[in-house]
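This report concerns only the one structure given below.
Please treat every number below as a calculation from the coordinates, not as lab data. These figures come from a predicted structure and were not determined experimentally. Cβ placement follows ideal geometry from the backbone for every residue including glycine, while neighbour counts extend to all protein chains displayed.
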Amino acid sequence: MKAGSMKGLSVPPLLIGFGTVGLALGLVEIMLMLGLLNRFVVPFPSAVFGSFGRLFAEEELFERLLQTGAEALAASVLVAVFGIVIGVVLYRFRILRLATEPWVAAVAAAPIVLAYPLFLVIFGRSAATIVAMGFAAGLAPVVLKTLEGLNGVRKSLIDVGRSYNLSQSQLFWKILLPAAVPTIFVGVRLGLVFALINLIGVEFLINFGGLGQLINDLAERYDLPAMFATIVFVVLVSVVIFAALERMERWFRPAR
Amino acid sequence: MTDGEREDERDMVAANAKLRLAASRSAETDLVIDDVSMHFDTREGRITAVDGVSFAVERGEFVSIIGPSGCGKSTVFNILGGLIGGYEGTVSVGGEIVTGPHPSVGMVFQEESTFPWRTVIDNVAFPLEVKGVGKVERHEVARRFIDMVGLAGFEQRYPSELSGGMRQRVAIARTLVFEPKILLMDEPFAALDEQTRLLLGDKVLKIQQDLKQTTLLITHNITEAVQLSDRVVIMTFRPGRVKRIVDIRLPRPRDGGVIGSEAFGRYVAEIWNDLREEASRGMAESEAGARKGRG
Ligand SMILES: Nc1ncnc2c1ncn2[C@@H]1O[C@H](COP(=O)(O)OP(=O)(O)OP(=O)(O)O)[C@@H](O)[C@H]1O
Ligand SMILES: [Mg+2]
């Protein structure tokens, strides 16, 4: 019953979404044919989609996806683990928190990707630089949201725990952490978005690694249809990743 | 023996009896609040939430505290529960001076306190879980108490899928499940409709009598206080003091017959008389405060 009504609601928006994109692409195609848009700047959407076969066969799109995926996975795990741990430590030690929270917030808002030369010097032109960039970009939101989640735990819930004489660690694992999980997860999702964006950006900038480098290559070869196709591919992959994350989130906190 | 001597002797006997009473009382008294004051520092300055409050609850006794909103009832509750410190005076629970939450105390909080990430049954089983009771056993016990508060069939729901009154019943079941010797409840029935309140009050009372629990109930509801209690402590509006302690000498069980009786009505009227003064003072003061705040 519930699933049925959810489906009934979520399928039309999906259709409308695809329909809108399809319509827009069709319009661009027609405008290009009529010469209203410059063919040397804007590729034919049909050519963009046509180049996918070439990308998979000649440009090793799939292998590059795996490479970027592996980097993203490494950065994500690092972001989640370190972000949550640092958040918890800052929560436990008020002085540390007061000293560092404004800085963390500033870092969260900074365009970290501009610091890539620094990482390049430290880690060399390697996957390590890319992972480190992704990690640096994604860390701050996880730390901030973890702190926010723990600070926001309702006092009456903590009082319940205290009234049962829970130890500090029981209080943390049984009450503070589960109560903060929804907020922490928002942070993790934000962190992963930041990490992924920066990861591909750095691949592009230092011309190393997976999908980002491919986009760089194709741009330099002026293979516009293939370049756009790769960008579309990146967008699709992101959509899939975030849909999966949302699923996971629901699994973590059933019925709220 | 002159008359004077005889009188002296009678006084002596009386004094001795009182001493004995005090001695026996200290052994049998589960909750003692002796001349307790509590201040809070707020932006508007220092406020005295509780001022020189004293009362005691004997083992197995059911006592209610009734008083206008903001008179310090929850503060007394938190002090007895060992959740806040920094007060003046002495407080003892189960014969021991309070230094923190006492293991034989169970608390039902005024605010929403169910765990949103746990199902009803896992909420109720929580105290058993932290005590290390196995899953099968704790679920069995939890189910019994879920039945008792009238939530059978809702075991697998999450609190967000229940009404406010149902959530409060989950919280009550969660506290009763480990059968605390001393039960502290802060307006546990406030979110319930009148009928559920009466039925649940009956059930809690039955458990209380079965387990001979020492119970302190905080309430706004005069009928509820008279229906359930051996004694009712009436508190004054700010600063919170004990205005009067009323002994409710009504037979138990307090079924429909007792509740309909004239004596019952007299107690309700008597307490209402005391409270009306405090309540109207409270209203006037907060209205004045609001005017000052606006001006
Ligand atoms: N942590 C706190 N900080 C500052 N003031 C507080 C705090 N807790 C309570 N107070 C103040 O102490 C007074 C008594 O509060 P308390 O919660 O004990 O009232 P109450 O009798 O339980 O009221 P109600 O019936 O509305 O629940 C109030 O004026 C309140 O503003
Ligand atoms: Mg209160």
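Miscellaneous remarks
- Per-residue packing, averaged as other Cβ atoms within 10 Å, sorts the ranges A:224-231, A:67-74 into the order A:224-231, A:67-74, beginning with the highest.
- Only Lys, Arg (+1) and Asp, Glu (-1) charged, at Cβ; the stretch B:130-222 dipole about Cα centre in debye: 300
- Shape category assigned to the stretch B:61-185 from the gyration tensor of Cα positions, a/c cut at 1.5: prolate
- The angle between the Cα long axis of helix B:194-211 and the main principal axis of chain B comes to about 70°, on a 0 to 90 degree scale.
- Charge context of A:A243, other residues only, Cβ under 12 angstrom, K/R +1, D/E -1: +1
- Sparse-neighbourhood loop sites, trypsin sites (Lys or Arg not before Pro) in the stretch A:57-165 - DSSP loop, at most 12 other Cβ within 10 angstrom: A:R125
- For the stretch A:36-69 versus the stretch B:214-287, the gap between their alpha-carbon centres in whole angstrom: 79
- Alpha-carbon Rg/Rh ratio, for the stretch A:11-98, with Rh computed the Kirkwood way: 1.28
- Overall size of the stretch B:146-295 from C-alpha positions, given as principal axis extents largest first: 52, 42, 27 Å.
- Amide H contacts of B:K243 (H built 1.01 Å from N, in plane; Pro and chain starts excluded): B:I234, B:M235, B:T236 sit under 5 Å, all sequence-distant by 5 or more or on other chains.
- Span from the the stretch A:83-115 Cα centroid across to the the stretch B:108-166 one, whole angstrom: 37
- Restricting the trypsin sites (Lys or Arg not before Pro) of the stretch B:24-92 to loop positions (DSSP other than H, G, I, E, B) with no more than 13 neighbouring Cβ atoms within 10 Å leaves B:R43.
- Membrane-span-like helices of chain A, defined as complete DSSP H segments with a Cα extent of 18 Å or more along the helix axis and a mean Kyte hydropathy of at least 0.0, are identified as A:2-33, A:61-92, A:94-109, A:127-151, A:177-206, A:224-252.
- Relative intensity, log₁₀ I(q)/I(0), of chain B from a Debye sum that treats every alpha carbon as a point, q = 0.12 Å⁻¹: -0.86
- Derived scalar couplings between HN and Hα for the stretch A:37-47 equal 10, 7, 5, 7, 9, 10, x, 5, x, 5, 5 Hz in order, rounded to whole Hz, by the Karplus curve 6.51 cos²θ - 1.76 cosθ + 1.60 (θ = phi - 60°), x for Gly and Pro.
- DSSP bridge analysis restricted to the protein assembly as shown gives an antiparallel fraction near 55%, rounded to the nearest 5.
- Principal-axis tilt of helix B:135-148 within chain B, Cα atoms, nearest 10 degrees: 60
- Projecting the Cα atoms of A:L73, A:L144, A:V88 onto the charge dipole of the stretch A:63-148, computed from C-beta unit charges around the Cα centre, puts A:V88 farthest toward the positive end.
- Counts of other chain beta carbons within 10 angstrom of each beta carbon in peptide A:151-164 average 6.
- If you sort the three axes of the alpha carbon gyration tensor as a ≥ b ≥ c, you get a/c of 1.5 or more for the protein assembly as shown and a/b above b/c, which makes it prolate.
- ³J(HN,Hα), Karplus 6.51/-1.76/1.60, whole Hz, each residue of the stretch B:222-237, x for Gly, Pro: 5, 4, 4, 4, 5, 4, 9, 9, 7, 9, 10, 9, 9, 10, 8, 6
- Gyration tensor verdict on the stretch B:50-109 (Cα atoms; rounded if a/c is under 1.5, prolate if a/b is larger than b/c, oblate otherwise): rounded
- Ranked A:L66, A:L171, criterion: other C-beta atoms within 10 Å, fewest first: A:L66, A:L171
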